[in-house]
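Below: one structure, written as structure tokens.
Each reported figure results from applying straightforward, stated rules to the coordinates on display, with no laboratory input. Computed from a predicted structure; not experimentally measured. All Cβ positions, even for glycine, are placed from backbone atoms using ideal geometry, and neighbour counts span all protein chains on display.
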């Protein structure tokens, strides 16, 4: 028996573990993977997310491993482009998730968290009062039970615990998939992240160190378009990225001398929904608590802040014995719902070709709203300049 069992050692789970351990809780953190491990992501940490890392005391080590991102460049159809740095001299960073996630796990272990890799969560354990009392798991030693006073499910969009309890599901629409890889030799890469919005989706480019760039292509099904991963084969994944680049006048020439240096991996459908933020004895954190394809590049801020909020709710439940999932849901709504609504609007816009063209026309005559969008995307509000 432990105070808190956290399933999933990504940023949300590791941050929740870190906060709880520092508050004196006995925490066990488990994950199916061993770290470091690869993870499809845009690899950018915006100013708002970096401020959370600073608050947790690990921002400085993140900065030493990362490349500085000073702002964003947005483009649309017809060659329309808007570029700006974040206000007040703020900046984000770009860092591969395999490195970033390991830093958070290491910080949790240093705080006293018991971390166990190679653990598959199979199902929640339910006691006689319909309260979650742990999880049934599979390890290299076999199937067993891990019991805890409280469970935090932070396994991501495919949360087995959340789905088993009817808390999470994939969104009915839109259906959107991401395809990510790394290139070297991409021309025109600067200290700004890039988002290239088109009528059939978007392409993100993030500059990393050693002339490496993260390239992520997002495509949708629907409106006459086929699901891009219908046959789930590696050549299909490769073709999505190749066609997105070669068919785009804005990007084609920049990749003339580029070389892909990693396999293309796919993730999707991206959007998932959570009916509640948990139930008695269990709380959701990170993508398991809802994921809306954050076009603005703030998925990591959602994960980090969601982990903090889940830990705060967990401490309340441990202290009082009263279920804290309703409180957690309200806190997530207050802090994250406005940005999630913006992401939904932008997501809908990208899925509407005419809307993309109208936005591109607006940007060609009036850049101010799009420069503001870059600050909003970076979550710079409330971040103190260094």
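With the crude spin-label approximation of a point 7 Å out along Cα→Cβ, what separation in nm comes out for residue 184 versus residue 130?
Each label point lies 7 Å from its Cα, and together they span 5.9 nm.
How much of the DSSP bridge set in the chain is antiparallel, in percent, rounded to the nearest 5? Don't jump to the answer; show the numbers that get you there.
Numbers: 55 of 76 bridges.
Here the antiparallel bridges make up roughly 70 percent for the chain.
Length gain on complete extension for the stretch residue 261 to residue 23, per 0.36 nm per residue less the alpha carbon to alpha carbon distance?
Numbers: separation 238, 0.36 × 238 = 85.68 nm, distance 4.26 nm.
Going from the current span to full extension adds 81.4 nm.
Based on DSSP H runs of at least 4 residues, each adding -39500 (n - 2.57), what is the mean residue ellipticity at 222 nm of the chain after dividing by all its residues, to the nearest 500 deg cm²/dmol? Could you put the intermediate results ahead of the total?
Values: 10 runs with 131 residues, N = 386.
About -11000 deg cm²/dmol.
Over the Cα atoms of segment 46-137, compute the convex hull volume and normalise it per residue, giving Å³. It would help to have the intermediate numbers written out before the result.
Numbers: hull volume 19.2 nm³, N = 92.
Expressed per residue, the convex hull around the Cα atoms of segment 46-137 is 209 Å³.
Using alpha carbon centroids, what distance separates segment 181-209 and segment 29-93, in Å?
About 13 Å separates the Cα centre of segment 181-209 from the one of segment 29-93.
More than 13 angstrom separation, counting every C-alpha pair in segment 40-91; what % is that?
Values: 878 of 1326 pairs.
Above the 13 Å cut-off, segment 40-91 has 66 percent of its Cα pairs.
Working from Cα positions, state the angle (0 to 90°, nearest 10) between the long axis of helix 325-350 and the longest principal axis of the chain.
20 degrees
Shape of segment 112-186 from its Cα gyration tensor (a ≥ b ≥ c, root eigenvalues): rounded if a/c is under 1.5, otherwise prolate when a/b > b/c, or oblate?
Oblate is the answer for segment 112-186, as a/c is 1.5 or above yet b/c matches or exceeds a/b.
Based on the alpha-carbon gyration tensor of segment 105-156 and its eigenvalue square roots a ≥ b ≥ c, which shape applies: rounded if a/c is under 1.5, prolate if not and a/b is larger than b/c, or oblate? Don't jump to the answer; show the numbers that get you there.
Working: a/c = 2.22, a/b = 1.41, b/c = 1.58.
It is oblate, given that a/c is not under 1.5 and a/b is not larger than b/c.
Once you've got the GNM for the chain with C-alpha springs shorter than 10 Å, pick whichever of 16, 121, 171 has the biggest mean-square fluctuation.
Ranking 16, 121, 171 by mean-square fluctuation puts 171 first.
For the Cα atoms of the chain, what angle does the longest principal axis make with the long axis of helix 368-377, in degrees from 0 to 90, nearest 10?
On a 0 to 90 degree scale, this one is about 30.
Using only the alpha-carbon atoms, how far is helix 353-365 inclined from the longest principal axis of the chain? Give it as 0 to 90 degrees, nearest 10.
60 degrees
Using a simple spin-label model with points 7 Å from Cα along the Cα→Cβ vector, what separation in nm is obtained for residue 239 and residue 65?
Roughly 3.7 nm, to one decimal.
If a/c stays under 1.5 just call it rounded; otherwise compare a/b with b/c (prolate if a/b is bigger, oblate if not). Do that for segment 20-68, with a ≥ b ≥ c from the square roots of the Cα gyration tensor eigenvalues. Mind dumping the intermediate values first?
On the way: a/c = 2.37, a/b = 1.22, b/c = 1.94.
In terms of gyration-tensor shape, oblate.
Could you let me know the centre-to-centre spacing of segment 100-117 and segment 118-137, using Cα atoms, in angstrom?
When both Cα centres are located, 22 Å separates them.
I'd like the FRET efficiency for residue 143 and residue 163, computed as 1/(1 + (r/R0)^6) with the beta carbon distance as r and R0 of 22 Å, rounded to 0.05.
With a Förster radius of 22 Å, E is 0.70.
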